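Notes for the one structure printed next.
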Amino acid sequence: MNSTKTAISLQKSLLDRVDTLAQELDISRSRLFTLAVEDFIQRHKNQKLLEAINSAYDDTSDPEEQIMLQKMRRKHKELVKEQW
């Protein structure tokens, strides 16, 4: 795996918490940042996928469709009424 070094700016208190967690997990600070960023990217992908799925299944209809549905329901009632 190719690695690239980078520099980031963090508040001292956050860096202290990162160092503490890295020590608790017995991993390097770099590994902890890598895991965190990978997790963030995956969550972002999942959120975008969920939004796309929700958009595809959005059941809201436009006014024309509502009118058509009302007409279809009336016609269906008439047909069913005659059968019973």
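The values are calculated or read from the model by the stated rules, or taken from the named source; none is laboratory data. The structure presented is a predicted model; accordingly, all values stated were derived computationally and were not measured. Here the Cβ is made from the backbone with ideal geometry for all residues, glycine too, and neighbour counts use every protein chain on show.
Give the residue, chosen from ASP19, ASP39, that is of a type in the set (D, E, K, R), in a helix (DSSP H, G or I) and closer than 21 Å to MET1 by Cβ.
ASP39
Assigned to a helix (DSSP H, G or I), modelled with pLDDT of 90 or more and within 30 Å of LEU10 (Cβ to Cβ): does that describe LYS45?
yes
Against the condition assigned to a helix (DSSP H, G or I), surrounded by 10 or more Cβ atoms within 10 Å (Cβ to Cβ) and not charged (D, E, K, R), how does VAL80 come out, does it pass?
It is false that VAL80 is assigned to a helix (DSSP H, G or I), surrounded by 10 or more Cβ atoms within 10 Å (Cβ to Cβ) and not charged (D, E, K, R).
What are the residues in the stretch 54-70 that are of a type outside the set (Ser, Thr, Tyr), exposed (fewer than 10 other Cβ atoms within 10 Å of the Cβ) and in a helix (DSSP H, G or I), if any?
Answer for the stretch 54-70, where residues must be of a type outside the set (Ser, Thr, Tyr), exposed (fewer than 10 other Cβ atoms within 10 Å of the Cβ) and in a helix (DSSP H, G or I): ASN54, ALA56, PRO63, GLU64.
Quick one: which residue in SER9, SER3, SER30, SER13 is more than 26 Å from the chain's Cα centre (by Cα), exposed (fewer than 10 other Cβ atoms within 10 Å of the Cβ) and assigned to a helix (DSSP H, G or I)?
After ruling out the rest, the residue left standing is SER13.
Considering (1) modelled with pLDDT of 95 or more; (2) on the phi < 0 side of the Ramachandran plot; (3) over 30 Å from the mean Cα position of the chain (by Cα), say which one LEU35 fails and leave the rest.
It is condition (3) that LEU35 fails.
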